[in-house]
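**Q** Mind looking over this structure? Questions follow.
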Amino acid sequence: MCWTRALAAAFVAAVLATGTVSAQTFPTRPITMLVPYAPGGGTDAIARIMQESMSKSLGQQVVVENAPGAGGTIATGRAARAAPDGYTILIHQVGFAAGPALYKNLTFNVEKDFVAIGLVNTGMTLWVGRADLPANTLEELVSWMKQAGPEVKIGHPGFGAFGHLAGVLIASELGSKATQVPYRGGGPALADLLGGRIDLSAQTAVQTESQIKAGKLKAYAALGSVRFAGLPDVPTLAERGYKNLDFGNWHILAAPAGTPRPVIDKLNAALQAAFADPNVDSAFSGSGMRLFPPEQRTPEAAATYLRNEIKRWGDVIRANKIVAQ
């Protein structure tokens, strides 16, 4: 019996030692950063902004892989099932917190199946329309949307994504019975908006600023509490009296639950190093994206933020009877 116990103890010690060595040497091969939406959207753009800097810090290539579909749940489910070794990580946005209330049969639990690496940023989102819309101001747009009703087509990156929730809430607040058109990411929605196949969309400033300045899109308002510095004449919805529309997008980096804490710490350190990179800082600030304050950059703070957002958006989804289709 004593021999059996000793053997079991030795086995456990060996496993723990192996895990420690693995965490100390991490990473020894490329890391996959899963993006739940198609190329060309805001989440994809943010992942690629951080990719090079994080690769340098970690000494291994961070490979951005797009896995769009099902409102972001395909990539999220894949990340949840990945080995908890730090070699598969997930970048996500508000849809990460909205999913539990929006989808009733998820194959994963956001709070139990993931561990937070860190908060990435809050992003500026603009309410934009096709170039040939008859409305030129927000007030004219509100009138046009009310008259057109269900004929108004609002494109979004997929059910549960921030663009979807924003589109539903904006249409409701503005008094329009618009039709929501889902895509497999912000990029495809933006392409159809530029092509005039849909009317409106909530899109990131980083993806639309140049098209707005070139006259290829119309910008009607900014979401959140402040104007976008790149387009200072575009008002916020809140300052036009729509106080219930004072909300913004954010991004978080997460790993499968069970990933060793030393690995999480290395990934978080690489994330913080990216924030200090002048190229990353310039890309973020120039696109209206802001970093979270230093006290919110730990894995613990990110986990707390995510829990609060799950409750917040769950309440919004239930109150507005938003359902996945």
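Bear in mind these aren't lab numbers, they're just calculated from the coordinates by the rules spelled out. Quick caveat: nothing in here was measured; it's all calculated off a predicted structure. For neighbour counting, all protein chains shown are included, and Cβ atoms are generated from backbone atoms with ideal geometry for every residue, glycine included.
**Q** Quick check: Cα centre of the stretch 174-240 to Cα centre of the stretch 67-83, how many Å?
**A** So the separation of the two Cα centres works out to 27 Å.
**Q** Which distance in Å, rounded to a whole number, links the C-alpha centroids of the stretch 32-63 and the stretch 276-325?
**A** With the stretch 32-63 and the stretch 276-325 each reduced to a Cα centre, they are spaced 17 Å.
**Q** Between ARG318 and THR28, what FRET efficiency follows from the Cβ-Cβ distance if R0 is 51 Å, with the result rounded to 0.05?
**A** Numbers: r = 45 Å, r/R0 = 0.89.
Once rounded, the FRET efficiency stands at 0.65.
**Q** Taking the chain, how many lysine pairs are there with alpha carbons less than 19 Å apart, if each pair must be eight or more places apart or span two chains?
**A** 12
**Q** Something else: Across the stretch 114-126, in residue order, what do the Karplus-derived ³J(HN,Hα) couplings come to in whole Hz, using 6.51 cos²θ - 1.76 cosθ + 1.60 with θ = phi - 60° and x for Gly and Pro?
**A** Residue by residue, the stretch 114-126 yields 9, 10, 6, 8, x, 6, 9, 6, 9, x, 7, 10, 10 Hz.
**Q** Helix 299-319 against the longest principal axis of the chain: what's the angle in degrees, Cα atoms only, rounded to the nearest 10?
**A** Here the helix axis deviates by roughly 40 degrees.
**Q** Relative contact order for the stretch 125-245 using alpha-carbon pairs under 8 Å, separation at least 6, rounded to a whole percent? Walk me through the numbers before you get to the answer.
**A** Numbers: 224 pairs, mean separation 41.2, N = 121.
34 percent.
**Q** Out of every Cα-Cα pair in the stretch 56-186, what percent are more than 26 Å apart? Before the final figure, lay out each step's value.
**A** Numbers: 3060 of 8515 pairs.
Result: 36 percent of Cα pairs exceed 26 Å.
**Q** Report for the chain the percent antiparallel among DSSP-assigned beta bridges with both residues inside it, nearest 5. Intermediate results must be reported in sequence, preceding the final value.
**A** Working: 22 of 37 bridges.
In the chain, DSSP labels about 60 percent of beta bridges as antiparallel.
**Q** Starting from a Cα-only point model with no solvent, please compute log10 I(q)/I(0) by Debye for the stretch 125-245 at q = 0.16, 0.23 1/Å.
**A** -0.66, -1.55
**Q** Something else now. Per the helix-only calculation at 222 nm, which mean residue ellipticity applies to the chain, given -39500 (n - 2.57) for every DSSP H run of n ≥ 4 and division by its residues, nearest 500 deg cm²/dmol? Please list the in-between numbers first.
**A** Working: 11 runs with 147 residues, N = 325.
After summing the helix terms and dividing by the residues of the chain, the value is -14500 deg cm²/dmol.
**Q** Quick one: helix 261-276 against the long Cα principal axis of the chain, what's the angle to the nearest 10°, folded into 0 to 90?
**A** Tilt of helix 261-276: around 40 degrees.
**Q** Can I ask one more? If you take the Cα atoms of the chain, find Rg, then find the Kirkwood Rh from the mean of 1/r over all pairs, what is Rg/Rh? Numbers along the way, then the final one.
**A** On the way: Rg = 21.3 Å, Rh = 20.6 Å.
Taking Rg over the Kirkwood Rh, I get 1.04.
**Q** Within the chain, what's the longest run with no trypsin sites (Lys or Arg not before Pro) in a DSSP loop and at most 11 other beta-carbon atoms within 10 Å? Give the range, please. Before the final figure, lay out each step's value.
**A** Details: sites that count: LYS104, LYS112, LYS321.
The segment 113-320 is the longest one with no such site.
**Q** On full extension of the chain, what length is gained from LYS311 through SER143, given 0.36 nm per residue of separation minus the C-alpha to C-alpha distance? Show your work: numbers first, answer last.
**A** On the way: separation 168, 0.36 × 168 = 60.48 nm, distance 3.34 nm.
Length gained, LYS311 through SER143: 57.1 nm.
**Q** Go through the stretch 147-214 and name the chymotrypsin sites (Phe, Trp or Tyr not before Pro) that are in a DSSP coil and have 10 or fewer other Cβ atoms within 10 Å of their Cβ. Numbers along the way, then the final one.
**A** On the way: sites: PHE159, PHE162, TYR183; in loops: PHE159, TYR183.
Sites meeting the loop and neighbour criteria: none at all.
**Q** Ordered by residue, what ³J(HN,Hα) values in Hz, to whole numbers, does the stretch 282-287 give under the Karplus form 6.51 cos²θ - 1.76 cosθ + 1.60, where θ = phi - 60° and Gly and Pro are x?
**A** Values per residue, Gly and Pro as x: 5, 5, 5, 5, x, 10 Hz.
**Q** To test your reading of the geometry: what angle, between 0 and 90 degrees and rounded to tens, separates the Cα axis of helix 2-25 from the longest principal axis of the chain?
**A** Helix 2-25 sits at roughly 40 degrees to that axis.
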